[in-house]
Amino acid sequence: MPIVLKSPQEIALMREAGRAVAEVLAILAWEIRPGLVLRKLDDIVRREFAKRKVVPTFLAYQGYPARVCVSVNDEVVHAIPDSRVLREGDIVSIDLGATHNGFVGDAAITVGAGRTSPEAERLLRVTEEALWEGIRAAWAGARLGQVSAAIQAHVEGNGFSVVREYVGHGIGRSMHEEPQVPNFGLPDQGLVLKKGMVLAIEPMVTAGDWRTRRDSDNWTVRTVDGSLAAHFEHTIAITGGEPQVLTLP
Ligand code: MF3
Ligand code: CO
């Protein structure tokens, strides 16, 4: 499918979907503590999305059985909120998508449960910073590779690794549109960004090796070496000026 450019009116609608995602992510983050049963997060999304009259994009997507992905410690992405219970020091990646007015918003954050190790704190900080470095590079006329390279440089400059097997994506009426948005690459590569492109930029970062494997549930993605992973994501629009972040409250 070719890249779909959005009008300012469509981008305004996408911000409504994005706002719901951001508000509910903040509610979920507030619930993270030792002792939390992960399934509770899915219940909260059901309730809060119904209130806001938005639809959970992930539920039944390629058979995914929940409304939110909740990935703990060495789990990178796509883990299912089930009967697992959080423990002190866990780090928890929460990835959420909402559909509203026919448009999708997609965002993710990673937060600690109780007191976390200094190394885990640094992983979260560097991953969130890498997301913002990528966003900062996303101007019309720049190459997509500048976004990718900015993310990779910040991550690797801090001694962490960028996951290769999963990438960000264009987004709009579908959660996944062209182009793919890698978190690694060279600044002179990739397409030239244009006003009206909407991208989900989502660095997935590990404290050790970048290689991942999928569990037998066919969803949970975790690091092969057991190292911690973090994930931050925003949906952003390329404009005539600075990038607009659509997944803000
Ligand atoms: N937010 C994820 C992404 O960008 C999608 C979750 S996959 C699902 O690719 F199956 F859980 F929906
Ligand atoms: Co995404």
| message | Relative contact order of region 8-240, please, whole-number percent, based on alpha carbon pairs below 8 angstrom and at least 6 residues apart. | response | 22 percent
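So how do 230-239, 126-135 stack up, highest first, on mean other-Cβ count within 10 Å? Mind dumping the intermediate values first?
Numbers: 230-239: 24.9, 126-135: 22.1.
For the peptides 230-239, 126-135, the packing ranking is 230-239, 126-135.
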| query | Net charge near His78, counting Lys/Arg +1 and Asp/Glu -1 over other residues with Cβ under 11 Å of its Cβ? | reply | -2
| said: List the lysines whose Cα sits under 23 Å from the Cα of Lys194, skipping any in the same chain fewer than 8 residues away. | reply: Lys6
| request: May I ask you to list the aspartates and glutamates whose Cα is less than 12 Å away from that of Lys195, ignoring any residue fewer than eight positions away on the same chain? | output: Glu242
| Can you give the calculated 222 nm mean residue ellipticity of the chain, where each DSSP H run of n ≥ 4 adds -39,500 (n - 2.57) and the sum is split over every residue, rounded to the nearest 500 deg cm²/dmol? | -9500 deg cm²/dmol
| query | Cα centroids of region 63-105 and region 155-207: how far apart, whole angstrom? | reply | 19 Å
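Is any helix in the chain, taking whole DSSP H runs, at least 30 angstrom long along its axis by alpha carbon and on average at least -1.0 on the Kyte-Doolittle scale, and which ones? Let's see the in-between values first.
On the way: long enough: 8-31 (35 Å, 0.50).
Membrane-span-like by this criterion, though nothing is claimed about a membrane: 8-31.
Under unit Cβ charges (Lys, Arg +1; Asp, Glu -1), what dipole magnitude, rounded to 20 debye, does the chain have relative to its Cα centre?
Working: 27 positive and 31 negative charges, 136 e Å.
My answer is approximately 660 debye.
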| In nanometres, what is the gap between the two model label sites at Arg46 and Asp217, each 7 Å from Cα along Cα-to-Cβ? | 1.7 nm
| request: Calculate the length of the line joining the C-alpha centroid of region 1-33 to that of region 45-60, in whole Å. | output: 12 Å
| request: Assuming R0 = 30 Å, can you tell me the calculated FRET efficiency for the pair Trp30 and Asp188, based on Cβ-Cβ distance, to the nearest 0.05? | output: 0.10
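Report the gain in length on full extension from Glu165 to Ala140: 0.36 nm times residue separation, minus Cα-Cα distance, nm rounded to one decimal. Provide the component values of the computation, followed by the final result.
Values: separation 25, 0.36 × 25 = 9.00 nm, distance 2.66 nm.
Extra length from Glu165 to Ala140 when fully extended: 6.3 nm.
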| Can you list the lysines whose alpha carbon is less than 26 Å from that of Lys40, not counting same-chain residues fewer than 8 positions off? | Lys51, Lys53
| message | Classify region 8-240 from the C-alpha gyration tensor, please: rounded if a/c falls under 1.5, else prolate or oblate depending on whether a/b exceeds b/c. | response | oblate
| note | Placing each pseudo-label 7 Å from Cα in the direction of the beta carbon, Arg84 and Glu121 end up separated by a distance in nanometres of 2.4 nm
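Throughout, read-outs are computed from the coordinates displayed, never taken from laboratory work. Just so it is clear, the structure is predicted and the values come from calculations on it, not from any experiment. Glycine also receives a Cβ, built like all others from the backbone with ideal geometry; neighbour counts cover every protein chain displayed.
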